[in-house]
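The structure appears below as structure tokens.
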Amino acid sequence: MKKLNLLLITALSFISMKTFAQSSLPFDEQYYIMDKFLVNPSFTGAEDDIIFRASHRRQWDNMPDGPVTTIASAHANIVDRVGLGLYFMNDHNGNTKMNSFNLSAAYHIPIGDKKKRQLGQFSFGTSLSFAGMHFTGETELPNDPVYNDMETRVYIPYINFGASATYDGWMIGISALDIPLSYNNPIVNQYEPSPTFYYGMLAKTINLSSQFELEPMVAYRSNFDKDSRFDGNLRAKAKFQDMAIWAGANYRMDFFDGESQALSVSPMIGAKIGRMNMAFAYNIGLSDMKYEGNDGFTAVLGFDIENFFNPGFE
């Protein structure tokens, strides 16, 4: 049994290193059910309230030391058209732990009525991410290269850029994440630098009536090399005075080295009661890893408070 656990942990370590090869920031569906500013800094302060969110995601819940990601974030429009925000993320994947701290800023230009800027605005923003990876592997095999041919601690600063526009129910956003500001070869087995990733998002809010709306959304992530990912999302929302409830789903597919694979489908539910927000997604795996690691989940809790900075948006 001990040997089996060692093999599983070793496999997770390889998966961890692949995760870092793909991105320093292992976001999944949090951008959709938590906050888009996680993958595009131009959404920082895009709303009138001060936005607080926290999420917890567990992947492959049947596998020991499976990936667990926890994020806490806050952002708001602070002065006139300027938004500021931050988040902290902790990711634990096998014997690899990563902490990331991010500071973001955005500038918003209204399109149309300035007092209803959320209905139409152009935004651009940037952020700095400070990622620290710590490898804590222990092995009974002293010559195992997984544990001995890599640095145990790596600290890398990154810069990120994003732009977005909303108008007449449409939303489009593009961003570039993980542009390293220092030597970052050690982040992937001491041989390869972690790549910069590019995100694109397109969504449309369809008002079926004064109470019901649909929101289809597609997202695409690529490093313009061999690795890319497609997400299809759909959400139906019902609004009642000071509350709203919604249900939806996410479908994810990966493209790597000319091949494609369906990764997961995730039913989602959520609610906004007053200023409190809640969401939950259950990740049903569709890849071969499903049979080893089982499924996973993501839970989100948030609160919006009235903006006491009184930015006087003009």
Could you check how many residues of region 220-265 are under 18 Å from residue 299 (Cα atoms) and touching a helix residue (DSSP H, G or I) at 6+ places or on another chain (Cβ under 9 Å)?
-> 5
Within region 206-251, of all residues that are part of a loop (DSSP other than H, G, I, E, B) and touching a Ser or Thr at 6+ places or on another chain (Cβ under 9 Å), the one surrounded by the most Cβ atoms within 10 Å (Cβ to Cβ) is 223
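For region 77-95, enumerate the residues that are part of a strand (DSSP E or B), modelled with pLDDT under 90 and surrounded by fewer than 22 Cβ atoms within 10 Å (Cβ to Cβ). Before you say what the answer is, go through the steps one by one.
Step one: list which residues in region 77-95 are part of a strand (DSSP E or B), which gives 77-79, 82-93.
Filter once more, so that each one left must be modelled with pLDDT under 90: 79, 91-93.
Answer for region 77-95, where residues must be part of a strand (DSSP E or B), modelled with pLDDT under 90 and surrounded by fewer than 22 Cβ atoms within 10 Å (Cβ to Cβ): 79, 92.
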Take the residues in region 126-151 that are surrounded by 14 or more Cβ atoms within 10 Å (Cβ to Cβ) and part of a loop (DSSP other than H, G, I, E, B), then tell me which one is modelled with the highest pLDDT.
-> 137
Scan (1) over 19 Å from the mean Cα position of the chain (by Cα); (2) at pLDDT 85 or above; (3) among the β-branched types (Val, Ile, Thr) for the single condition residue 69 breaks and write down its number.
-> (1)
Consider residue 25 against the criteria (1) of a type in the set (A, V, I, L, M); (2) in contact with a helix residue (DSSP H, G or I) (Cβ under 9 Å, 6 or more places away or on another chain); (3) modelled with pLDDT of 90 or more: it satisfies all of them except one. Which criterion is unmet?
-> (3)
Pick from region 285-304 the residues that are surrounded by 16 or more Cβ atoms within 10 Å (Cβ to Cβ), more than 17 Å from residue 72 (Cβ to Cβ) and out of contact with any Leu (no Cβ under 8 Å at 6 or more places or on another chain): which of them is modelled with the highest pLDDT?
-> 296
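The values are calculated or read from the model by the stated rules, or taken from the named source; none is laboratory data. Fair warning: this is a prediction, and the values are worked out from it, not measured in the lab. No Cβ is skipped: glycine too gets one built from the backbone with ideal geometry, and neighbour counts run over all protein chains shown.
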